[in-house]
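Trainee: The structure's right below; bear with me while I get my questions together.
None of the figures in this text is laboratory data; all of them are computed from the coordinates on show. This structure is a prediction, so every number in the text was calculated from the model and none was measured. Glycine also receives a Cβ, built like all others from the backbone with ideal geometry; neighbour counts cover every protein chain displayed.
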There are 2 protein chains.
Amino acid sequence: MLDERKLDVLRAIVEDYVSTQEPVGSKALVERHQLGVSPATVRNDMATLEEEGFITQPHTSAGRIPTDKGYRLFVDKLTSIKPLSGAEKRAIATFLQGAVDLDDVVHRSVRLLAQLTQQVAIVQYPSLARSTVRHVEVVMMSNTRLLLVLITSTGRVEQRVIELAKPVDDEVVGELRARLNTAVVGQHLSDAASRAVGLPEMFHQDDKGVVAQIIAALAEAVTDDRSDEKVVIGGTANLVRFGEDFDRSIKPLLEALEEHVVLLKLLGEVSSPSLVTVRIGHEVPHEQLATTSVVATGYGPGEQVLATLGVVGPTRMDYPGSMAAVNAVARYVSQLLAEA
Amino acid sequence: MLDERKLDVLRAIVEDYVSTQEPVGSKALVERHQLGVSPATVRNDMATLEEEGFITQPHTSAGRIPTDKGYRLFVDKLTSIKPLSGAEKRAIATFLQGAVDLDDVVHRSVRLLAQLTQQVAIVQYPSLARSTVRHVEVVMMSNTRLLLVLITSTGRVEQRVIELAKPVDDEVVGELRARLNTAVVGQHLSDAASRAVGLPEMFHQDDKGVVAQIIAALAEAVTDDRSDEKVVIGGTANLVRFGEDFDRSIKPLLEALEEHVVLLKLLGEVSSPSLVTVRIGHEVPHEQLATTSVVATGYGPGEQVLATLGVVGPTRMDYPGSMAAVNAVARYVSQLLAEA
DNA sequence: GTTGGCACTCAGCGATATCGAGTGCCAGAG
DNA sequence: CTCTGGCACTCGATATCGCTGAGTGCCAAC
């Protein structure tokens with residue numbers, strides 16, 4: 001059904017359409033690529049490809065453009081992640097090297113991705129639940145007001161102020177701090193709450209209530225849905241190259257970018273790092289974004305996936321290039337996290 | 001030169017143009033407003049207004065649109081901040097009431113502003129330098145690694161990890177913590193560094209170096225330029241109503257929104273709260289945004305101005321409405337900060 | 001299976017015509 | 001001196017028409 005040459009034709013169509021943004025015809029194809037056959041032959045192949053649903057015509061007597069299915073085949077079979085140039089690799093390294101803390105890493109990554117791909121970049125903060133605890137600190141601000149500071153292995157710092165129901169003693173807090181740390185340091189945050197739940201029992205009767213309140217606050221901070229919804233976006237200005245069809249393609253995207261929940265759905269779950277996920281057009285889990293594609297991958301120290309990053313753009317995007325950039329940035333950030 | 005009626009005409013032109021987005025002619029004006037005169041008379045007035053530079057014609061045989069100068073006069077003389085409806089006030093209150101911490105307040109404020117004005121909203125975090133210190137904490141994560149946590153009166157929490165040149169003792173840290181707090185709590189952050197600079201002298205010779213390093217890190221964290229550049233934006237999707245002139249009005253704005261430095265320049269310095277600043281078209285300190293206006297005001301507990309918030313939109317925006325919304329949100333946030 | 005030839009389709013473009021909102025000016029009334 | 005109605009004029013917006021050319025599908029021949 002689809003012999004080698006037809007696949008070549010599809011690949012050529014995708015490449016040309018992506019770079020010119022215009023429907024590509026049979027004649028232009030044979031001129032720009034060494035297909036070794038005549039336009040007429042290409043036309044026959046195109047007819048087959050169209051029957052199979054890989055390409056389509058915007059209108060009769062126009063060239064062909066790839067369908068979502070066409071892009072899918074292209075991404076799956078017809079291309080491999082092309083290695084970045086040395087200059088690009090160096091740019092990534094030097095740009096991310098200067099980061100001073102996690103916030104900085106995340107923000108620099110978005111900028112970098114946006115610049116490399118000329119698209120909208122999205123970077124999710126490392127998941128709290130999947131990180132491990134590096135340190136927990138309980139700070140007394142007054143005898144009825146505590147500050148809970150939680151530091152994860154990725155360098156993420158979460159804090160929360162607790163107003164206590166009744167005053168608490170200095171020594172109790174000191175003891176709690178020590179016990180809390182031995183109980184949860186090194187543990188995954190998802191387990192931390194259960195590890196700490198027995199702690200109140202170890203205190204004097206009078207203090208159990210307060211301690212329980214603090215533990216509860218900690219548990220809440222950890223399981224707070226919002227904490228895993230933290231994402232940063234960048235490169236919105238690149239939307240202008242999207243085309244003119246304003247209301248149908250740009251507006252919904254801008255709206256989606258404001259809704260962090262939607263964004264996270266877009267990035268989706270990624271099973272293993274070093275595996276770049278591509279969602280094309282209708283595969284994107286958001287009706288309004290049917291002309292949009294997402295290229296994403298996971299990152300995290302070692303083989304863990306603590307969060308996701310990627311780019312969003314029109315279906316007619318440079319998939320090999322975007323995949324390469326997303327992959328490279330994810331790898332580099334992972335490395336940074338592993339070192340820290 | 002400009003009698004009462006001519007001003008009425010200008011006001012009517014601004015109002016109509018803002019609501020219809022189309023050049024307004026003499027006939028339409030008398031129909032929609034009770035001016036009590038004939039179109040011909042209005043035409044004469046318009047001719048005068050045009051001579052004076054308050055309105056202009058996009059092309060001959062079209063209606064008039066206000067110039068920047070026209071909007072300026074409108075804002076300064078022809079309108080007052082219109083009070084919000086009870087429903088709007090209640091919406092602000094209930095929406096901001098639920099905020100759990102400063103981050104939350106800031107993020108909710110942007111959303112709220114964007115929704116109320118149907119424009120792009122910008123909220124700056126309370127300035128560190130102008131806040132006072134509520135608490136400083138020094139946490140030992142290991143004997144060569146400290147975490148510095150700084151809490152301001154506005155509830156803003158800054159943290160920084162310090163890698164020490166040589167190991168430090170538990171007791172030294174404890175002493176430093178105590179001395180640091182007595183030295184800087186209640187002080188303005190801009191003064192904090194100078195208050196702390198003498199502290200190393202109070203320690204044993206062997207510890208002076210380490211203490212000095214910590215103080216230096218604290219000083220750096222406080223004076224870090226980036227810390228005052230923290231802003232949050234929202235309502236980007238509202239840009240779609242901007243009009244079709246994509247490249248000339250939307251692209252530069254999107255680009256500006258990515259540059260926090262530019263944004264802060266846009267918001268500008270505000271002398272006193274309860275004073276709403278309006279910058280129209282060319283008054284905006286950014287060449288590319290000549291068709292854009294900014295409505296901003298300061299906020300902070302009491303009479304202090306700790307930061308700025310506002311909206312950005314096309315020059316043809318609803319000034320009275322935006323000014324009212326910006327003012328109301330700023331007041332409410334200020335109140336929240338004063339209570340905390 | 002491939003190729004050249006050929007008739008056909010149709011979006012895009014420019015030229016032309018029409019329409020009407022809006023203007024400026026003027027003469028006359030208040 | 002101000003306001004008004006009348007009127008000729010301007011010119012952007014919109015619609016219509018015809019042309020052009022890239023691109024197609026089909027077919028007969030290689």
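Trainee: Using only Cα atoms, find the angle between the long axis of helix B:170-184 and the longest principal axis of chain B, and express it within 0 to 90 degrees, rounded to the nearest 10.
Mentor: Value to nearest ten degrees: 40.
Trainee: Can you compute 3J(HN,Hα) from phi for each residue in the stretch B:29-45, using the Karplus curve 6.51 cos²θ - 1.76 cosθ + 1.60 with θ = phi - 60°, rounded to whole Hz and x for Gly and Pro?
Mentor: 4, 5, 5, 8, 10, 8, 8, x, 10, 8, x, 4, 4, 4, 4, 4, 4
Trainee: Can you bin the stretch A:26-161 into rounded, prolate or oblate? Criterion: square roots of the alpha carbon gyration tensor eigenvalues sorted a ≥ b ≥ c, rounded for a/c under 1.5, prolate for a/b above b/c, oblate for the rest.
Mentor: prolate
Trainee: Can you pull out the trypsin sites (Lys or Arg not before Pro) in the stretch B:221-306 that DSSP calls coil and that have at most 15 other Cβ atoms within 10 Å?
Mentor: Those that pass, being in a loop and sparsely packed, number zero.
Trainee: Taking each residue in A:156-167, count the Cβ atoms of any other chain within 10 Å of its Cβ, then average. What number comes out?
Mentor: Average per residue, whole number: 2.
Trainee: So what's the gap between the Cα centers of the stretch B:191-230 and the stretch A:191-214, to the nearest angstrom?
Mentor: Value for the Cα centre distance between the two parts: 36 Å.
Trainee: Under the rule of at least 5 residues apart or a separate chain, name every residue whose amide H is placed under 5 Å from the amide H of B:Val120.
Mentor: Close amide H contacts, sequence-distant or interchain: B:Val312.
Trainee: Hey, in the GNM for chain B with a 10 angstrom Cα cutoff, which one of B:Leu146, B:Leu306, B:Leu257 fluctuates hardest?
Mentor: Highest fluctuation among the options: B:Leu146.
Trainee: For the pairs A:Lys27/A:Lys69; B:Lys77/B:Lys265; B:Lys89/B:Lys265; B:Lys27/B:Lys265; A:Lys251/B:Lys265, note any where the Cα-Cα span goes beyond 31 Å.
Mentor: The pairs that break the limit, which is 31 Å between Cα atoms, are B:Lys27/B:Lys265.
Trainee: Between B:Ala91 and the same site in the other copies, what are the distances in nm, shortest first, taking label points 7 Å from Cα along the C-beta direction?
Mentor: Reported distances to equivalent positions: 4.3 nm.
Trainee: Next question, about the same structure. Would you mind checking which residues have amide H under 5 Å from B:Ile55's amide H? H placed 1.01 Å from N; only 5 or more apart, or other chain.
Mentor: When sequence neighbours closer than 5 places are left aside, the close amide H contacts are B:Glu50, B:Thr67.
Trainee: Shortest first and in nm to one decimal, what separations exist between B:Glu31 and its copies in the other chains, measuring from label points 7 Å along the Cα-to-beta-carbon line?
Mentor: 5.3
Trainee: Quick one: net charge around B:Lys69, please, counting Lys, Arg +1 and Asp, Glu -1 for every other residue with C-beta under 15 Å from its C-beta.
Mentor: +1
Trainee: Select from A:Gly53, A:Gly86, A:Gly235 the residue whose mean-square fluctuation is largest in a Gaussian network model of chain A (Cα-Cα springs shorter than 10 Å).
Mentor: A:Gly86
Trainee: Considering only DSSP states other than H, G, I, E and B, which GluC sites (Glu not before Pro) in the stretch B:257-340 qualify as loop sites with at most 16 other Cβ atoms within 10 Å?
Mentor: B:Glu259, B:Glu269, B:Glu303
Trainee: Between B:His33, B:His135, B:His282, find the one with the highest GNM mean-square fluctuation for chain B; connect C-alpha pairs within less than 10 Å.
Mentor: Ranking B:His33, B:His135, B:His282 by mean-square fluctuation puts B:His33 first.
Trainee: Between B:Asn181 and the same site in the other copies, what are the distances in nm, shortest first, taking label points 7 Å from Cα along the C-beta direction?
Mentor: Here the equivalent label points are 1.6 nm apart from this one.
Trainee: On average, how much area does the Cα convex hull of the stretch A:156-299 cover when viewed from any direction, in nm²?
Mentor: 11.9 nm²
Trainee: What whole number of Å gives the distance from the Cα centroid of the stretch A:63-98 to the Cα centroid of the stretch B:30-76?
Mentor: Centre-to-centre distance over Cα atoms comes out at 55 Å.
Trainee: List the lysines whose Cα lies under 25 Å from the Cα of A:Lys208, skipping any in the same chain that are fewer than 8 positions away.
Mentor: By straight Cα distance, A:Lys208 reaches A:Lys166.
Trainee: Name the long-range amide H neighbours of A:Ser293: under 5 Å, sequence gap of 5 or more, or other chain; modelled H, no Pro or chain starts.
Mentor: Here the answer is A:Gly281, A:Gly313, A:Thr315, since their amide H atoms fall under 5 Å of that of A:Ser293.
Trainee: By its C-alpha gyration tensor, with a ≥ b ≥ c as the square roots of the eigenvalues, how is the protein assembly as shown shaped: rounded for a/c under 1.5, else prolate for a/b larger than b/c, else oblate?
Mentor: Judged from the Cα gyration tensor, the protein assembly as shown comes out oblate (a/c at least 1.5, b/c at or above a/b).
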